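Remarks on the structure that follows.
The values are calculated or read from the model by the stated rules, or taken from the named source; none is laboratory data. Everything numeric here is computed off the predicted structure, so don't read it as measured data. Cβ coordinates were reconstructed from backbone atoms using ideal geometry, including for glycine residues, and neighbour counts include every protein chain displayed.
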Amino acid sequence: MKISEQKNSLTKSRRAPVSLLAAFLLFTALFSGPIALAQEQSDPRWVTTWSTSPSTLPGEDDPDNSPQDQTLRLIVHSSVGGDSVRIRLSNAHGNEALAIGAASIALQSEGSSIQSGTSRSLQFSGQSVVSIPKGAVVFSDPLDYDFPKMTNLSVSLYLPGDSGFLTAHALSNQTNYISGNGDQTNSLDLTDQTETAAWPLLTAIDVINSNSISAIAVVGDSITDGWGSTASANQRWPNHFTRRLFADSGARKFAVVNAGISGNRVTTEGNSLFGQNLQARFERDVLALSNVTHMVLMEGINDIGMSPSGSLISAAEVIAGYRQVIARAHAREIRVIGATLTPYEGAAYFTQEGELVRQEVNAFIRNGGEFDGVIDFEKAVQDPANPTRILAEFTEDNLHPNDAGYAAMANIIELDLFD
């Protein structure tokens, strides 16, 4: 070998480690961030502190009326607190990919205003913008953010372009806001705002809580959704139940997340605001949430009251739907607590034949032995003098409880069901 060739060979051999080091540093720069992010996203301590279920199905809402170059400000009430947070956005029912131009989270002050110094921008895979494919769900990146339990949070989403059909929970019993033009995600106050009763796009908020806390998902229709309670006051029975859990020093603490949809049914669909039937939405609205170990199931009154004319649904059909939900929950080691259907005589869709079906369904819930526990909501609100009716002081329409009725429902729950 010539001396020049030896020098070249030696030079190459000496450069090799430098090249390997450079490659390693490049690999670290390119992939350490995503790897760390993936590890954070899979942290087993994540628990869903708040959720809502998409209800609006395409069919009636006009996509041309959707926000464009506007900011949504959505007010939600946490159950457990935490020191890290992420949100979930859904385009499940959208008719096209949806662009989010900016997103933030803050503590609510009042109305659409947020508390000064609490707003933090959210990112998605390291970017402030994200495109949500049609039918998809996205998680925001984990964000270090301390907030207390049972507090109102404000999530702001800027929609820069035509958003098309917005996936939303239509009847939130909470006033939410849509701004005038522009990205106002970090503004203390919105300009030119309008109000909406919907929660568009936002379906869940997860937190990291280091106290081994898991979640109870409460599943149902308008009575779980809180229809008839005071708007923006967090007077739904799941809110009352959460306050009971945290007020009782001896009770195990849980996040309580709401998977109720007004008008929803176990077996069929109707109005496009009432969502898919429970069996169709169960994977998305319950099983996909973080760290759910228990659920309460109270649904079926709309199956009975909204039965097709001349074709009253049978108790057997509702019970068959329950059995499917129980089996799927048990496959994920989730305990299922059955809750009896409350009285409804005097409601617009009451019939004597339907009342017999309700009683048969309740008999199964109490005595069928297939639920892991029972909550007797019927007993909590029924009129002792007329058991097929809700006590007059607990209702305005003979179907939905009011604030006092929802409190009575929460108060009858035996907390040791969740030990």
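Can Ala215 be described as surrounded by fewer than 24 Cβ atoms within 10 Å (Cβ to Cβ) and aliphatic (A, V, I, L, M)?
Spelling it out, it is not the case that Ala215 is surrounded by fewer than 24 Cβ atoms within 10 Å (Cβ to Cβ) and aliphatic (A, V, I, L, M).
Taking only pairs six or more apart or across chains, which ones have beta-carbon atoms under 7 Å, a first residue in segment 353-364 that is within 18 Å of Ile337 (Cα to Cα), and a second residue that is β-branched (Val, Ile, Thr) and not in a helix (DSSP H, G or I)?
Pairs found: Asn362/Thr340.
Looking only at segment 401-419, decide whether some residue is within 25 Å of Thr268 (Cα to Cα) and over 23 Å from the mean Cα position of the chain (by Cα).
Taking every residue of segment 401-419 in turn, none turns out to be within 25 Å of Thr268 (Cα to Cα) and over 23 Å from the mean Cα position of the chain (by Cα).
Looking for whichever is at pLDDT below 95, assigned to a loop (DSSP other than H, G, I, E, B), on the phi > 0 side of the Ramachandran plot and not hydrophobic (A, V, I, L, M, F, W, C) here; the options are Ser212, Ser232. Which one fits?
Ser212
With the condition being among the polar types (S, T, N, Q), surrounded by 14 or more Cβ atoms within 10 Å (Cβ to Cβ) and on the phi < 0 side of the Ramachandran plot, I'd like the strands (runs of 3 or more DSSP E) fully within segment 54-163 carrying at least 3 qualifying residues.
152-159
Scan segment 94-108 for residues that are at pLDDT 95 or above and farther than 19 Å from Trp50 by Cα and jot them down.
Hits for segment 94-108 are Ala97, Leu98, Ala99, Ile100, Gly101, Ala102.
I'd like to know if segment 286-303 contains one or more residues that are out of contact with any strand residue (DSSP E or B) (no Cβ under 9 Å at 6 or more places or on another chain) and closer than 22 Å to Ala198 by Cβ.
Yes: one or more hits.
May I ask you to list pairs of residues, at least six apart or on different chains, whose Cβ atoms are under 7 Å apart, with the first in segment 396-407 being hydrophobic (A, V, I, L, M, F, W, C) and the second being at pLDDT 95 or above and surrounded by fewer than 16 Cβ atoms within 10 Å (Cβ to Cβ)?
Ala404/Glu393
Among the residues of segment 364-419, what is the count of those that are within 21 Å of Gly226 (Cβ to Cβ), in contact with a Leu (Cβ under 9 Å, 6 or more places away or on another chain) and of a type in the set (Asp, Glu)?
Residues in segment 364-419 being within 21 Å of Gly226 (Cβ to Cβ), in contact with a Leu (Cβ under 9 Å, 6 or more places away or on another chain) and of a type in the set (Asp, Glu): 1 in total.
Being at positive phi and at pLDDT 95 or above narrows it down to one residue among Glu345, Glu360, Glu299, Glu333; which is it?
Glu333
So which of Ile223, Ile205 ends up being within 22 Å of Ser154 (Cα to Cα) and either touching a strand residue (DSSP E or B) at 6+ places or on another chain (Cβ under 7 Å) or assigned to a loop (DSSP other than H, G, I, E, B) (or both)?
Only one candidate qualifies: Ile205.
Taking the options Ile334, Ile390, name whichever one is in contact with a Phe, Trp or Tyr (Cβ under 8 Å, 6 or more places away or on another chain) and closer than 26 Å to Arg244 by Cβ.
Ile390
Consider Ile75 against the criteria (1) of a type outside the set (Phe, Trp, Tyr); (2) modelled with pLDDT under 95; (3) within 18 Å of Val257 (Cβ to Cβ): it satisfies all of them except one. Which criterion is unmet?
(2)
In segment 257-280, which residues are among the hydrophobic types (A, V, I, L, M, F, W, C) and either closer than 14 Å to Ile304 by Cα or outside the structural domain of Ile223 (by TED's automatic domain parsing) (or both)?
Val266
I'm told Gly305 meets every condition in (1) more than 14 Å from the chain's Cα centre (by Cα); (2) under 16 Å from Gly81 (Cα atoms) except one. Can you identify the failing condition by its number?
So Gly305 meets the others, but not (2).
Among the numbered conditions (1) farther than 17 Å from Leu190 by Cα; (2) in contact (Cβ under 8 Å) with a residue 40 or more places away in the chain; (3) not acidic (Asp, Glu), tell me where Pro160 comes up short.
(1)
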